[in-house]
Amino acid sequence: MDELLVLIWNQSGSKQYNYSFLTSDRNEEIVMPEEQTGLVRENYVWNVLLHRGATPEGIFLRVPTASYDLDLFTMTWGPTIAALSYVFDKSLEETIIQKAISGFRKCAMISAHYGLSDVFDNLIISLCKFTALSSESIENLPSVFGSNPKAHIAAKTVFHLAHRHGDILREGWKNIMEAMLQLFRAQLLPKAMVEVEDFVDPNGKISLQREETPSNRGESTVLSFVSWLTLSGPEQSSVRGPSTENQEAKRVALECIKQCDPEKMITESKFLQLESLQELMKALVSVTPDEETYDEEDAAFCLEMLLRIVLENRDRVGCVWQTVRDHLYHLCVQAQDFCFLVERAVVGLLRLAIRLLRREEISGQVLLSLRILLLMKPSVLSRVSHQVAYGLHELLKTNAANIHSGDDWATLFTLLECIGSGVKPSAALQATARGDAPDAGAQSDSELPSYHQNDVGKDDIDNSKPGPSRPGPSPLINQYSLTVGLDLGPHDTKSLLKCVESLSFIVRDAAHITPDNFELCVKTLRIFVEASLNGGCKSQEKRSKSHKYDSKGNRFKKKSKEGSMLRRPRTSSQHASRGGQSDDDEDEGVPASYHTVSLQVSQDLLDLMHTLHTRAASIYSSWAEEQRHLETGGQKIEADSRTLWAHCWCPLLQGIACLCCDARRQVRMQALTYLQRALLVHDLQKLDALEWESCFNKVLFPLLTKLLENISPADVGGMEETRMRASTLLSKVFLQHLSPLLSLSTFAALWLTILDFMDKYMHAGSSDLLSEAIPESLKNMLLVMDTAEIFHSADARGGGPSALWEITWERIDCFLPHLRDELFKQTVIQDPMPMEPHGQKPLVSAHLTSAAGDARTPGHSPPPPEIPSELGACDFEKPEGPRAASSSSPGSPVTSSPSRLSPTPDGPPALAQPPLILQPLASPLQVGVPPMTLPIILNPALIEATSPVPLLATPRPTDPITTSEVN
């Protein structure tokens, strides 16, 4: 203020200037309203606000906080990440590095907040470059990564951000998966991530990182020695082994990876958004055989991660199932040779099925996807049969109650057939799977050829298309043959054992067998019977001719990577040898030798078929009753005898009869016991005449025909005993059901066929066993038929002999010319009054010898010399007659003697076992039937009748139910 006064004084030059106002301004300063405090200022501000509110400036706009943050971040994130990357790369101070990492995390939080996937992907890609996982070779990776602190920080940051903000990660999953692959190749991952489930291994798990075989280790030793000679001193020290520094670096690297917790990405994937989950699965699927840098173990590792992620997301598996199924289809169906990756794909498919079948919304699609296995190349499928057999067993044990559709059961039983018995899928099926079939352009399942009951292509396992209709009986199967007639390839012993065990689990639990899968189960049993026939010798012959697997001939070859000429000291031949163990080590792990095991298999199959045979009627009747009670729709279930015979009893009897033709004596005898028990079961007594005729034509006659062959040349005595038991069984069934059989218009043809078999069996043996047993069985049948007056004609005056009587003896005279005189010499059939009561006639045969059975027709050659043999005990009595004392040699022709044809006056001779005498049936028989025509109704596959007697042409009214309905 004083300076201001001096300035004014000098400028004015006047002494009279009034300076009082200046002094007052200095002492009493003017204060503006806005500079006031307290109430004065508040009143002023309020008045000003009211004044401005009356003007256009009174409109108030509220702007939220950070409204321009997104725009600002969108403009600055690129330079920011670039700057942070530069600072992180060039800085050496720990504080600067941590600030850079903090900047990365804040950028990640902002991008996650606004859902900027491209920003987050770019950030992950930038950080992955600093981990040094993709730039170093596999051999140097543990030491380089372990000794680089920046790489540790970057790796921890990458995995931490992926765990926390994985929802917005898209393209960045590929970089993370590449880092995971590098860790897998360098063996830096935790043990839990490289161990996978396995059905065959005793521990239930195997490691994806395999050790090299001794052969390869020996080869590598030689190569190492040669390289040691050619390398210099410093290079030699690097070859000798890792140094202490490298070991410490690897330990640090393992500890760092443990802190990163890469397994958390799998377990926490259940919380990912669907879009992020799909991108993660695409990144795993992208490691396919089409990539230039493909490695089999890499693909197997990614496949296992994919399967684990699917199982973690089983609550929403329907959204990603299409991707998984297509990937498994590509790996399994397109494989031309067996390899470890194919085995893991097959095991993975079965693991998914076992876990996902409990979920009703996806179970149908999962079961359809199992048909991928049927589309595989047969040679490849056979190499994984061991894994499939154990996997199917586990699936059925845990999920059999969740399988309801007949189509799904058809898929499972067909798989069991292919794996257990070597059934080959049809050629048309394989062509369809590879897209080179003529029907590749079919638009629907109905346009595909029905060559095989389970022919499926890729479209058939699509959830948008219905599966094939329920298969019925194959029209290619000869119903008059004991075998199914399929071309069975070589099968693995342990696979067959496991498949039979699976069938046993299904059959013995009544809840699993229904009319929907009964026929399928029976067919599979019959196929297994055929595969195990004669101890599986057919399969062994095919196996010995097949080529051994070349482990170097894999379809998926390893391709070297640039900058990584030396890969891990592992080889895929280890995995190939696992799949080939069925060829070289087929007896390893089996309880006994192959033949002992096959014997147990045959016995188990017999028991299973008998179990189904006894339960068939109750199963069908209970389901039919439930269907009527619930009034459910669908195909009506019939439980009548005709349905049971055609679909249940007849096929099962044919399967049991097939094992009656086994070369092993123990199996034959046990099968005959089961067959006799099954034929005499109470449920079969309600069968009508046509069904019993079908039993002869489809079961007994094919059995007798097969037994005429030289099935077991080394067991001549056992074969004769088997033939004797079979012929006795034929006689017993014929006599027990004689009453309904008499109503057949083809009874005469049936009777002549039985006589024809008696003729053939008379001359089939080299000893006297059959030649003595056959006449006794024939006598029993003739006496019972004569007692029932079947040979008497109702139209003839005085009850004379019928045409059947004449043709019967004309046929018997061909091989037993003296039997008529021996059996009926005291009976004059023309006399209406019999010489003695009918009730006494069957007892006559107990005192008759069977020497007449030794008589041969002129057209037959003398029998070969008798071979002594010890015969096992039979489950029912064997008819044996006394042998006449004769001084002739066994090899000379035996001539009949009148003294041998007469009954012995001194009582019956001592017999080791009394002959079997069947008494007349208690039920009234149909006698006096009209004259019968004699058409031969046998299938051409059966034997031809050798009777020289012409067929009669007497007309007879035909039965309204034709024979073809049963046959």
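The values are calculated or read from the model by the stated rules, or taken from the named source; none is laboratory data. Everything quoted here is computed from the prediction, not taken from an experiment. Ideal geometry is used to build each Cβ from the backbone, glycine not excepted, and the neighbour counts take in all protein chains shown. Accessible surface is based on the protein model in full, side chains and every heavy atom, while ligands, DNA and RNA are left aside. Shrake-Rupley method; radii C 1.70, N 1.55, O 1.52, S 1.80 Å.
Rolling a 1.4 angstrom probe over the protein chains, ignoring ligands and nucleic acids, what is the accessible area of Glu772 in square angstrom, nearest 10?
Accessible area of Glu772: about 20 Å².
From the cross-link list Lys377/Lys494; Lys99/Lys191; Lys397/Lys523; Lys150/Lys174; Lys129/Lys264, which pairs have alpha carbons spaced over 25 Å apart?
Lys99/Lys191
For Gln666 and Arg164, what does the FRET efficiency come to when R0 = 60 Å and r is the distance between their Cβ atoms, rounded to the nearest 0.05?
About 0.30, to the nearest 0.05.
Just the accessible area for Thr80, please: 1.4 Å probe, Å², rounded to the nearest 10?
50
Starting from the residue with the highest accessible area, list Ser117, Ser276 in decreasing order, probe 1.4 Å.
Ser117, Ser276
Nothing charged except the Cβ atoms of Lys and Arg (+1) and of Asp and Glu (-1): what's the magnitude of the dipole of the range 82-127 about its Cα centre? Round to the nearest 20 debye.
That gives the range 82-127 a dipole magnitude of about 140 debye.
For the range 136-200, with only Lys/Arg (+1) and Asp/Glu (-1) charged at the beta-carbon, what is the dipole magnitude about the Cα centre, in debye rounded to 20?
Here the range 136-200 has a charge dipole of around 340 debye.
Set the bar at 24 Å for Cα to Cα. Now go through Lys205/Lys498; Lys698/Lys732; Lys698/Lys760; Lys636/Lys698 and name every pair that lies beyond it.
Among Lys205/Lys498; Lys698/Lys732; Lys698/Lys760; Lys636/Lys698, the Cα-Cα distance tops 24 Å for Lys636/Lys698.
Apply the Karplus parameterisation 6.51 cos²θ - 1.76 cosθ + 1.60, with θ equal to phi minus 60°, to every residue of the range 481-491 and state each ³J(HN,Hα) to the nearest whole Hz, in sequence, with x for glycine and proline.
Result, ordered by residue: 10, 6, 9, 6, x, 8, 7, 8, x, x, 10 Hz.
Just to confirm, what accessible area per residue do you get for the range 112-180 at 1.4 Å probe, in whole Å²?
About 37 Å² of surface per residue is accessible.
Could you tell me what percent of the accessible area of the range 45-94 is made up of carbon and sulfur, with a 1.4 Å probe and every protein chain present?
Solvent-exposed carbon and sulfur of the range 45-94 make up 66 percent of the total.
How would you order 744-752, 704-712 from highest to lowest mean count of nearby Cβ atoms within 10 Å?
744-752, 704-712
So between Met109 and Lys397, what do we pick up on full extension, going 0.36 nm a residue minus the alpha carbon distance?
Working it through step by step, the gained length comes to 98.8 nm.
Accessible area, 1.4 Å probe, largest first: how do His682, His595, His512, His160 sort?
Largest accessible area first, the residues go His682, His595, His160, His512.
Give the residue from Ala663, Leu653, Leu687 lying farthest towards the positive end of the charge dipole for the range 640-698; charges sit on Cβ (+1 for Lys and Arg, -1 for Asp and Glu) and the dipole is referred to the Cα centre.
With unit charges placed on the Cβ atoms, the residue in question is Ala663.
Cα gyration tensor of the range 61-204, axes a ≥ b ≥ c as square roots of the eigenvalues: rounded (a/c below 1.5), prolate (a/b > b/c) or oblate?
oblate
Which order do peptides 42-54, 378-390 fall in by mean Cβ count within 10 Å, highest first?
The densest-packed peptide leads the list: 378-390, 42-54.
Extension gain Thr643-Leu708, at 0.36 nm per residue separation less the Cα-Cα distance, in nm?
Result for the pair: 20.2 nm of gain on full extension.
In percent, how large is the relative contact order of the range 241-374, given Cα pairs closer than 8 Å and 6 or more residues apart?
Relative contact order, the range 241-374: 20 percent.
At a Förster radius of 56 Å, what calculated FRET efficiency corresponds to the Cβ-Cβ distance of Val194 and Leu61, to the nearest 0.05?
0.35
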